[in-house]
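Before any comments, here is the structure.
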Amino acid sequence: MTAAVGAGVNGTVVLVTNGTYSLISQVQVDFGVTVRGVGGFTNTVVDWNALTRCFLLNHTNAVLDGLTIRGGYADRGGGVRAFGGTITNCLLTGNTATEMGGGAWLQGARIVNCSLMTNLCAATGDFEASGGGLYCELGSVAERCTVVSNSLSCDSWAAYGGGICAVDSL
């Protein structure tokens with residue numbers, strides 16, 4: 001999957017067949033590439049085993065569609081960090097961030113028709129915890145999403161939004 005996405009150009013659709021995929025590095029989407037689970041999120045699971053963030057979207061037309069994204073770990077956006085782009089028809093579960101957005105951290109991006117469940121934002125030291133499930137800023141949009149059983153943990157600073165923390169977003 002990583003190689004196919006890396007070789008993609010604007011308009012490329014990478015079809016991920018049914019199965020569970022264990023990856024050890026984040027998949028970076030730098031062009032208008034769509035990564036689509038063939039059988040939808042119930043049949044296409046991408047698991048990072050708490051090693052690193054799952055996906056990094058760096059393009060306005062980048063799309064993640066029909067995937068279960070689980071086991072990601074990063075400072076911001078454990079499951080997905082998106083500087084633009086769209087996450088749609090996905091399940092983000094069991095991801096962890098140490099600052100913001102356990103499931104996803106969006107900047108000018110969209111998340112549509114997704115479920116964010118059992119994600120965690122756990123900050124220590126001089127960091128605040130924000131958005132256990134989802135952190136949105138800079139005009140990001142969340143539409144028709146289910147946000148359930150996400151949580152925050154913070155030992156010294158403030159904590160905002162166990163499910164969602166939205167700053168200048170809808």
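The values are calculated or read from the model by the stated rules, or taken from the named source; none is laboratory data. Computed from a predicted model, the values in this text were never measured in an experiment. As a convention, Cβ positions derive from the backbone with ideal geometry for all residues, glycine included, and neighbour counts pool all protein chains shown. The area values use the complete protein model at the heavy-atom level, side chains included, leaving out ligands, DNA and RNA. Shrake-Rupley method; radii C 1.70, N 1.55, O 1.52, S 1.80 Å.
Structural remarks
- Tabulated pairs, the stretch 4-22, first without any contact (Cβ under 8 Å) to a residue 40 or more places away in the chain and open to solvent by less than 80 Å² (accessible area, probe 1.4 Å), second outside any loop (DSSP other than H, G, I, E, B) and among the small types (Gly, Ala, Ser), C-beta under 7 angstrom, 6+ apart or interchain: Val14/Ala4
- Residues (more than 14 Å from the chain's Cα centre (by Cα) and at pLDDT 90 or above) located in the stretch 147-164: Val148, Ser149, Ser151
For every residue, the table says whether it meets (1) of a type in the set (S, T, N, Q); (2) at pLDDT 95 or above; (3) closer than 16 Å to Ser115 by Cα.
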position	(1), (2), (3)
Gln26	yes, no, no
Val29	no, yes, no
Val33	no, yes, no
Val38	no, yes, no
Thr44	yes, yes, yes
Ala50	no, no, no
Asn58	yes, yes, no
Asn61	yes, yes, no
Asp65	no, yes, yes
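- Scanning the stretch 54-94 for residues that are closer than 18 Å to Val16 by Cβ and of a type in the set (Lys, Arg) turns up just one, Arg70.
- Members of the stretch 42-72 that are closer than 12 Å to Ile87 by Cα and hydrophobic (A, V, I, L, M, F, W, C): Phe55, Leu56, Leu57, Ala62, Val63, Leu64, Leu67, Ile69
- Scanning the stretch 121-134 for residues that are at pLDDT below 95 and either part of a strand (DSSP E or B) or open to solvent by 10 Å² or more (accessible area, probe 1.4 Å) (or both) yields Cys121, Ala122, Ala123, Thr124, Gly125, Asp126, Phe127, Glu128, Ala129, Ser130.
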